[in-house]
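The values are calculated or read from the model by the stated rules, or taken from the named source; none is laboratory data. The model shown is predicted, which means the values in this text are computed figures rather than measured ones. When we count neighbours, we look across all protein chains shown, and the Cβ atoms used for this are built from the backbone with ideal geometry, even at glycine. Only protein heavy atoms, including side chains, enter the accessible area calculation; ligands, DNA and RNA are left aside. Shrake-Rupley method; radii C 1.70, N 1.55, O 1.52, S 1.80 Å.
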Amino acid sequence: MASTDPLEEIWKHAMSPDKTDLLCFYPGKITMSGIWTGDSPLDFSLPLLLFQIILITTTTRAVALLLTPLRIPRYIAEILAGFLLGPSVLGRIPHFSDIAFPVRSLFILESMSLLGLIYYTFTIGVEIELHTLLRAGRRSFWFAAASALPPFLVGAATGYVAVSTDGTRRTADQFLNTLSFPVFLGATFCATAFSVLARNIAQLKLAGTDVGQLSISASLINDTWAWAGLTVATALAHVRYGMVPCVWTIASGFLIVGASYLVVRPMLLRLAGRVAEGEVVTELQECSVLIGVMVAALVADAGGTHAIFGAFVFGLAVPNGPVGVAIVEKVEDFVVGTLLPLFFAMSGLRTDTAKITSVSAAVLLMVAALAAAILKVVAAVTVAGTFGMPLHDGISIGLLLNTKGVIELVILNIGKNKKIMSDQSFTVLVFMSALITALVTPLLAMVVKPARRLVFYKRRTIAWAQPDSEFRVLACVHMARDVPALLTLVDVASPSERSPVAVQALHLIEFAGRSSALLLINASAPSSSFEHSTRGRSQVELQFKHISHALLAYEENVAGVTARAVAAVSPYATMHEDVTAAAEDRHAALIVLPFHKHRSVDGGLEMFNPAIQPLNQSVQRVSPCTVGILVDRGLGGVPGAGCRVATLFFGGRDDREAVALATRMVCNPAIDLTVLRFVQKGGGGGFMGGAADQFDALKERKADDTCLREFLDRANSMSANGGGGAGVEYRERGVFNASEMVTQIQEVEALGKDLFVVGKLPGLPALTAGMADRGGDKGGRAGAWPPLSSPNLHCKFKF
């Protein structure tokens with residue numbers, strides 16, 4: 001065999017018209033000896049990789065922080081960060097790209113970004129349950145089909161025209177480009193990013209609306225279709241090697257799906273069943289699932305589809321319950337915060353405006369992208385009109401379904417890697433993706449905000465709602481354990497056919513990136529088959545179903561009650577907006593909030609979530625109606641079994657609300673009710689200050705007397721007619737100081753009261769101010785005001 005000269009081979013390679021980049025790697029240049037020996041960190045692989053990750057993550061966070069006031073999705077910030085670091089902006093600085101992103105480092109950086117993308121698509125798959133597709137409803141399917149088919153046809157037609165008129169592509173790969181590029185472009189135009197859309201809906205406070213629910217369901221369906229289209233387009237890319245590789249690629253995709261659902265899912269469902277019975281997910285089991293993700297990605301990539309397809313299908317096979325949550329929590333923060341920005345940065349580094357050489361082709365793609373976006377809106381408006389929905393709802397759904405995200409970038413990157421898409425097409429489509437997504441938020445603000453809550457709503461209170469009128473309550477719950485105490489409170493409000501009580505339980509769910517939680521919004525009452533199919537459901541969904549079941553059972557067993565449960569998914573920082581909006585929509589007279597502490601094992605109170613107290617304070621500050629803070633010390637008895645209630649009255653508008661609630665209790669025959677009024681002796685309650693202060697004090701005293709007179713008149717009327725509670729008692733106690741007041745309260749407490757109803761800001765400040773100073777509302781300790789040591793439950797009202 002004749003020997004060849006290596007230098008001659010290198011020269012031939014360099015002079016060849018089909019040459020590619022030739023790089024030489026030095027295995028010894030991975031870690032450095034130190035800057036003290038003269039080494040440069042950027043000359044070694046590991047320090048350079050760490051520098052690149054720090055640079056990309058910092059830039060992404062900085063851009064996101066700058067764009068926060070504009071309420072632009074984080075997806076846009078990540079794209080812009082990559083664009084800034086790419087050749088179009090900072091890359092124009094001499095030697096910047098050679099120093100920060102040398103060619104020799106891009107292989108490692110892209111491999112790291114793809115690893116992050118694999119696990120990110122896995123988490124998306126975990127959050128999607130196929131049974132939610134089956135429950136999506138007819139309207140969701142029609143919105144999904146109408147918003148996907150026209151853009152796909154526009155993309156396919158545009159891709160075919162672009163390939164057919166491109167003279168540079170008339171090569172042996174013409175058939176390849178004629179088939180695969182139109183499919184890639186069509187899949188790009190019809191895709192809707194489910195995870196990005198979920199965050200947008202949560203930020204725009206549309207989660208509790210019909211628009212938000214339909215958009216989430218339709219985007220879920222569109223995402224599934226987009227992944228299927230990506231698989232087909234990837235298989236078509238193998239036509240250059242003949243039809244046999246193309247067929248085997250599609251067959252391998254079906255094989256991965258079948259193995260995931262016939263082998264992996266049954267095993268994980270059995271594990272979920274054991275976890276539901278109390279077993280803990282072990283580290284070995286979590287590690288096995290995470291290794292399974294890499295195995296699925298490896299098999300998919302070897303089969304010719306793509307590694308992320310295998311990870312996504314494997315994620316679909318994982319039940320979104322305690323097992324799925326435990327696994328996602330292991331990887332999500334690191335993947336989303338560190339590795340995923342690398343993928344967006346790589347997309348930005350590939351976006352080079354200098355590669356736009358054909359203006360006509362670029363304009364064609366831009367017009368096609370805009371046409372596809374407009375067609376989505378037109379299609380959504382048409383479907384909305386078919387189902388009798390308002391015009392602005394159809395426009396809103398169409399705009400939301402134009403949200404782009406990871407799935408579109410994945411399609412574009414695969415197309416570029418397989419040389420199906422030119423650098424110019426990639427740059428234009430990435431730019432249009434970011435532009436269309438950025439336009440969604442301001443256009444939605446123009447469409448949705450003017451039509452939002454135009455119904456007149458007067459500031460309502462318990463006293464404003466007459467005792468015989470419908471009493472509307474918005475009860476907020478964080479978990480199923482909040483429900484028994486809530487139902488006890490509703491039960492003592494004396495619901496009846498004559499005086500009905502309408503309760504809406506608002507399940508408050510923190511939105512922390514769990515997009516699937518938004519699928520619970522406006523969910524219907526649970527079906528009777530729920531108990532037999534709980535293993536594959538998420539913990540959040542199980543909580544919501546338990547809450548719905550409890551309210552449904554209460555409504556069926558108690559006359560005069562209408563009860564339903566809905567969910568609100570939002571960050572705690574803005575969750576008060578969801579609560580107040582729900583109160584306005586329901587015209588609620590009372591909002592009930594759980595106390596930020598729960599009963600502990602030893603009988604005391606312990607904080608279970610530090611974000612609850614600021615939420616309660618925000619609701620009280622902006623609420624349109626009365627707010628009650630419900631402190632549960634373990635009451636929650638059987639509705640209708642009787643309850644011993646004491647109402648403490650010192651004067652003031654908050655205490656008048658407490659008496660107004662007591663007035664409704666008079667009609668309940670199972671209630672033992674005591675109203676205790678305190679009057680300060682010795683002139684301490686005299687009117688001090690100027691004429692205006694004295695007038696206000698007299699006005700308050702008159703309002704107090706009127707409120708108590710209404711209570712006594714109703715109690716006497718019910719007693720004369722043979723109705724009323726098991727025992728209704730009114731007492732007045734004169735006290736000289738706070739010590740005597742505490743003694744009187746403790747005497748009432750010694751009678752074994754179950755429920756104390758008090759005002760948040762009581763009158764007689766000379767007596768009660770000292771109690772607040774001991775840490776009542778300021779320190780957040782229940783029991784300092786009022787001075788109670790063992791009540792099961794008491795409420796604090798704020799008007």
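Can you give the relative contact order of the range 21-102 as a percent, counting alpha carbon pairs under 8 Å and 6+ residues apart? Could the numbers behind the result be given before it?
On the way: 51 pairs, mean separation 17.1, N = 82.
Reported relative contact order: 21 percent.
Just subtract the alpha-carbon distance of Thr386 and Glu732 from 0.36 nm times their residue separation and send over the number in nm, one decimal. Let's see the in-between values first.
Numbers: separation 346, 0.36 × 346 = 124.56 nm, distance 6.43 nm.
Gain on extension, Thr386 to Glu732, equals 118.1 nm.
Counting alpha carbon pairs within less than 8 Å and at least 6 residues apart, what relative contact order, in whole percent, applies to the range 286-354? Can you show the working numbers first?
Details: 32 pairs, mean separation 15.7, N = 69.
Answer for the range 286-354 is 23 percent.
If Lys and Arg each add +1 and Asp and Glu each add -1, what is the summed charge of the other residues whose beta carbon sits under 15 Å from the beta carbon of Asn716? Could the numbers behind the result be given before it?
Numbers: positive: Arg709, Arg714; negative: Glu710, Asp713, Glu729.
Residues close to Asn716 contribute a combined charge of -1.
Taking all protein chains in place and a 1.4 Å probe, what share, in percent, of the accessible surface of the range 361-424 do carbon and sulfur account for?
73 percent
Amide H to amide H under 5 Å from Ala563: which residues, 5+ apart in sequence or cross-chain, H placed 1.01 Å off N in plane?
Amide H neighbours of Ala563, under 5 Å, 5+ apart: Val503.
Mind giving me the nanometre distance, one decimal, between the label points for Ala251 and Ser360, set 7 Å out from Cα along Cα→Cβ?
Distance between label points: 4.4 nm.
Testing the spin-label approximation: label points 7 Å from Cα along Cα→Cβ at Val89 and Ser496. State their distance in nm.
6.9 nm
Pop a pseudo-label 7 angstrom from the Cα along the beta-carbon direction at both Glu286 and Ala302 and give the gap in nm to one decimal.
Label at Glu286, label at Ala302, 2.8 nm between them.
Starting with the highest mean, order 701-709, 356-364, 571-579 by the number of other Cβ atoms within 10 Å, averaged over the residues of each peptide.
Numbers: 701-709: 14.9, 356-364: 13.1, 571-579: 18.1.
For the peptides 701-709, 356-364, 571-579, the packing ranking is 571-579, 701-709, 356-364.
How large is the accessible surface per residue of the range 196-354, computed with a 1.4 Å probe and reported in Å² as a whole number? Please report the intermediate quantities before stating the final value.
Numbers: 6070 Å² over 159 residues.
That works out to 38 Å² for each residue.
Taking 28 Å as the cut-off for C-alpha to C-alpha distance, list the pairs among Lys29/Lys418; Lys702/Lys760; Lys699/Lys760 that go past it. Each step should come with its number before you reach the end.
Details: Lys29/Lys418 31 Å; Lys702/Lys760 20 Å; Lys699/Lys760 20 Å.
In this structure, Lys29/Lys418 lie more than 28 Å apart at Cα.
How much accessible area per residue does the range 26-107 have, in Å², with a 1.4 Å probe?
59 Å²
Rank by packing, highest mean first: peptides 266-272, 91-97, with packing defined as the count of other Cβ atoms within 10 Å averaged across residues.
Working: 266-272: 17.3, 91-97: 12.6.
Taking the mean over residues of other Cβ atoms within 10 Å, the ranking is 266-272, 91-97.
Highest mean first, what order results for 469-481, 604-616, 48-60 on Cβ atoms within 10 Å?
Working: 469-481: 20.8, 604-616: 15.2, 48-60: 18.1.
Highest-to-lowest ranking by the protection proxy: 469-481, 48-60, 604-616.
Students often get this wrong, so check it: of Lys205/Lys419; Lys330/Lys545; Lys205/Lys416, which have C-alpha atoms separated by over 30 Å? Walk me through the intermediate numbers first.
Values: Lys205/Lys419 41 Å; Lys330/Lys545 26 Å; Lys205/Lys416 37 Å.
Long pairs (Cα-Cα over 30 Å): Lys205/Lys419; Lys205/Lys416.
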